[in-house]
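The values are calculated or read from the model by the stated rules, or taken from the named source; none is laboratory data. Everything quoted here is computed from the prediction, not taken from an experiment. Quick reminder, even Gly has a Cβ in these numbers, built from the backbone with ideal geometry, and neighbours come from all protein chains shown. Remember, those area values only see protein heavy atoms, side chains included, never the ligands or the DNA or RNA. Shrake-Rupley method; radii C 1.70, N 1.55, O 1.52, S 1.80 Å.
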Amino acid sequence: MALQTEDLIARLAADARPVDTHRILRTTLIASILGLAAAIMLVVETIGMRRDWATAWGDPRVMAKILFVLAATAASALAFLRLARPGRTLKPLIGLLALPFAGIAALASVELGMAGPQDMPALVFGSSWTFCLAFLPLYAIVPFVALVMVLRASAPTDLTGAGFAAGLFAGSLASIAYAVHCTEDAMAFVAAWYAGAILIVGLAGALLAPRLVRW
């Protein structure tokens, strides 16, 4: 019996292969690229691109908006990669996730502080705040589904936290796609409705992931 056990252990050891520690990184990269590409295609096909990109790059507000959506994407991607692994929790990552939102909120505060009372409603609401709040989460659906598939193939233990990170990541990818269309460049608008829509997708992810990723 002992000989059989030792033989079994030897055979298992002979068949052992190195663990692919980069699998989650690779699948996340593929899912995010495909999700972003799909979201951009949907934006272009449904509501179209803004037509002033040739001159918009010279506007510091446009650059700040792009920097915010990229920073939110980077922070949520890092959080997602950590939470997709077992034994990781959301709490240590709150500061990282909050950083881009705190930055855009600070810029919005400066902008509103320099504006007159009569200009504040236009800076906050623009002419399309309801459009942004409704459509941005819709464009996040495809990236979110792709990221859920990554989680289902991983072994997250904090399903709510992983879902929140997946939602923020998907919402941030969708905000990049939506920025291809949107001509609202006020920092107050971005802080209220871009950030608000991303957080809505994050909360939806936190609610849905425990049901979709249960293993």
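Could you pull out every residue, at least 5 positions away or on a different chain, whose amide H is within less than 5 Å of the one on HIS181? Hs are placed 1.01 Å off N in the peptide plane, and Pro or chain starts have none.
ARG50
Which of LEU133, LEU168, ALA197 sits farthest toward the positive end of the charge dipole of the chain, with +1 on the Cβ of Lys and Arg and -1 on the Cβ of Asp and Glu?
Of the listed residues, the answer is LEU168.
Heavy-atom accessible area per residue, segment 30-168, 1.4 Å probe: how many Å²?
In whole numbers, segment 30-168 has 52 Å² accessible per residue.
About the Cα centre of segment 88-215, what is the dipole size in debye to 20, counting +1 per Lys and Arg Cβ and -1 per Asp and Glu Cβ, all else neutral?
Dipole size: approximately 720 debye.
Expressed as a whole percentage, what fraction of the accessible surface of segment 163-215 belongs to carbon and sulfur atoms when a 1.4 Å probe is rolled over the protein heavy atoms?
Carbon and sulfur atoms account for 73 percent of the accessible area of segment 163-215.
Tell me, what is the FRET efficiency for GLN118 and ILE200 to the nearest 0.05, using R0 = 25 angstrom and their Cβ-Cβ distance as r?
Rounded to the nearest 0.05, the efficiency is 0.25.
State whether segment 35-85 is rounded, prolate or oblate according to the following rule on the C-alpha gyration tensor (a ≥ b ≥ c being the square roots of its eigenvalues): a/c under 1.5 gives rounded; otherwise a/b larger than b/c gives prolate, and the remaining case gives oblate.
Judged from the Cα gyration tensor, segment 35-85 comes out oblate (a/c at least 1.5, b/c at or above a/b).
Kindly provide the helix-only [θ] at 222 nm of the chain, computed as the sum of -39,500 (n - 2.57) over DSSP H runs of four or more divided by all residues, to the nearest 500 deg cm²/dmol?
-24000 deg cm²/dmol
At 7 Å along the Cα-to-beta-carbon direction for both LYS91 and ASP52, put a label point, then send me their distance in nm to one decimal.
4.8 nm
Roughly how many percent of the accessible protein surface of segment 29-85 is carbon and sulfur, given a 1.4 Å probe and a whole-percent answer?
Carbon with sulfur: 73 percent of the solvent-accessible area.
Here are some values of mean projected area of the Cα convex hull in nm²: (i) 10.8; (ii) 12.3; (iii) 15.1. Which one was computed from this structure?
Computing mean projected area of the Cα convex hull in nm² and matching it to (i) 10.8; (ii) 12.3; (iii) 15.1 gives (iii).
Summarise the long-distance tail of P(r) for segment 87-215 by giving the % of C-alpha pairs beyond 18 Å.
In whole percent, the share of Cα-Cα pairs in segment 87-215 beyond 18 Å is 55.
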